[in-house]
Amino acid sequence: MQYIPNVVFALILVVGIGYFAQNIKQLIANIRLGKKPLVKGDKKERLKNVAYIAFGQSKMFKRPISGLLHLVVYLGFVIINVEVLEIVLDGLLGTHRLFSFLGPTYNVLIATFEIFAAAVVLAVGVFWLRRNALKISRFWKPEMTAWPKNDANYILYIEWVLMGLFLTMNAADYQLQLMDAAHYTKAGAFPVSSLLAPLFENLSETSLILIERGAWWLHICGILFFLNYLYYSKHLHILLAFPNTYFGRLTPQGQFAHNETVAKEVAMMMDPTADPFAAPAADAPVPERFGAADVQDLNQIQLLNAYTCTECGRCTDMCPANQTGKKLSPRKVMMDTRDRLEEVGKNTKKNKGVFVPDGKQLLGDYISAEELWACTSCNACVEACPVSIDPLSIIMEMRQYLVMEQSAAPQALNNMMGNIENNGAPWPYNQQDRLLWAQEK
């Protein structure tokens, strides 16, 4: 009978981690629906980006207040996870405060955990006020409707609950240590939870054990719940920020990617021996689509970008098109790409690895041409993103599809391209008349 709690704990752990593994497996399968990217660049430079941008959160501090608060929450969860390791081992082995043999070092660790837990509670409170009371504009854009808005608050509530359970567990444990309760080794320093101890001082030992054990179980189950909630939440960036910053672009932001499909077409046009009207060989590969109409046309890094989006809205906040009232929101582009990818992934999984056309696509059904043509290609969104997401690359590929596959460019752009074709310049003047203005007196 004494091993039943350990067995139950092990089963909960296996189910929680197993479900998380299934979610990650599905996420990887969805990302692989995209085209394989051409990854170039120095690995050292990429690892440096991971260190500075993902671990160091360097781009977050362009807005110092939110950057500092985010760092507190980030460090709090990273550091407190050391305590989670002890909880897991205690649950499996039937021990209590397994690492207490560290002595003074253990006291310092527990005190540090508690200070960071209290800091997380305060930081999350400020985040909640900024989002719900101050109503900072980037959190209230049109795309931040029901689920995105609620999800952000759910995350804050979960963080509050987890830190509250952690401190409650320690407060009851501290009181039990003062009572010399059996099995409760005197270990750890409790600078924060000791302040809560007076709430428990009139309770019996049995009641305290129930509170301590209840908070212990709820805390670890809450962590497993949070781990599995990540897949459905904007907080998936907790895991994906690291690979995303590694694969972030290293080329100058104004440099557009070389398009192999276009290059082949131009090479054929420049080849005097090539017959443009010749039928393709029977074994010739099917020519690639120009640009992107759906998520399968995007590359895997772009799909990883979509899953990594934190929905913080910094990209949209800095977008000049959005600032002037245009429909374009780079955050919405990433959210729409992720939503469509989820839909395509479920379709493909349901049909055993084959996507069955559903009459929809990313371009048109999720992202309109009006949004795409509002983009000035200034790269402000790319520069603003704290985790190296590139919304512009998706926008440009869909615009390329509109132009090269559907001939659906705006009239002004069609006029410009016609002028370049006929006059060698964007202006509607014959080349022979181009310098006539210099002869005017």
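The values are calculated or read from the model by the stated rules, or taken from the named source; none is laboratory data. Predicted model only: the values in this text are computed from it and were never measured. Reconstructed Cβ throughout: ideal geometry from the backbone, glycine too, with neighbour counts over all protein chains shown.
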**Asked** Residues ILE53, ILE28: which one is modelled with pLDDT of 95 or more and either exposed (fewer than 15 other Cβ atoms within 10 Å of the Cβ) or in the same structural domain as LEU156 (by TED's automatic domain parsing) (or both)?
**Response** ILE28
**Message:** Here is a list: VAL262, VAL266. Which entry is part of a helix (DSSP H, G or I), in contact with a Phe, Trp or Tyr (Cβ under 8 Å, 6 or more places away or on another chain) and farther than 24 Å from VAL387 by Cβ?
**Reply:** VAL262
**Message:** Checking the condition farther than 20 Å from LYS36 by Cα, surrounded by fewer than 15 Cβ atoms within 10 Å (Cβ to Cβ) and at pLDDT 95 or above, which residue from PRO320, PRO330 passes?
**Reply:** PRO320
**Prompt:** Hey, which of the helices (runs of 4 or more DSSP H) in region 351-441, taking only ones fully inside, have at least 2 residues that are among the acidic types (Asp, Glu)?
**Reply:** 369-373
**Request:** Find the residue count for region 387-441, including only residues that are closer than 30 Å to PHE55 by Cα and either of a type in the set (D, E, K, R) or loosely packed, with under 15 Cβ neighbours inside 10 Å (or both).
**Result:** 1
**Fill in**
Exactly one of ALA181, ALA152 is under 33 Å from the mean Cα position of the chain (by Cα) and either on the phi < 0 side of the Ramachandran plot or crowded, with 18+ Cβ neighbours inside 10 Å (or both), and that one is ALA152
**Item:** Selection count, region 194-220, where residues are under 16 Å from ALA117 (Cα atoms) and not in a helix (DSSP H, G or I)
**Value:** 1
**Item:** Subset of region 185-213 that is of a type in the set (S, T, N, Q) and touching a Phe, Trp or Tyr at 6+ places or on another chain (Cβ under 7 Å) - its residue that is nearest to ILE87 (Cα to Cα)
**Value:** SER193
**Fill in**
So, first residue under 15 Å from ASN170 (Cβ atoms) in region 206-223, second residue of a type in the set (D, E, K, R), Cβ within less than 8 Å, six or more apart or across chains; the pairs are GLU212/ASP173
**Message:** Taking the conditions exactly as written (more than 18 Å from HIS219 (Cα to Cα), hydrophobic (A, V, I, L, M, F, W, C) and more than 21 Å from the chain's Cα centre (by Cα)), does ALA123 satisfy them or not?
**Reply:** no
**Prompt:** Between residues in region 337-348 that are farther than 20 Å from PRO391 by Cα and in the same structural domain as LEU298 (by TED's automatic domain parsing) and residues that are polar (S, T, N, Q) and buried (at least 21 other Cβ atoms within 10 Å of the Cβ), which pairs lie under 7 Å by C-beta distance while being six or more apart or on different chains?
**Reply:** GLY345/ASN30
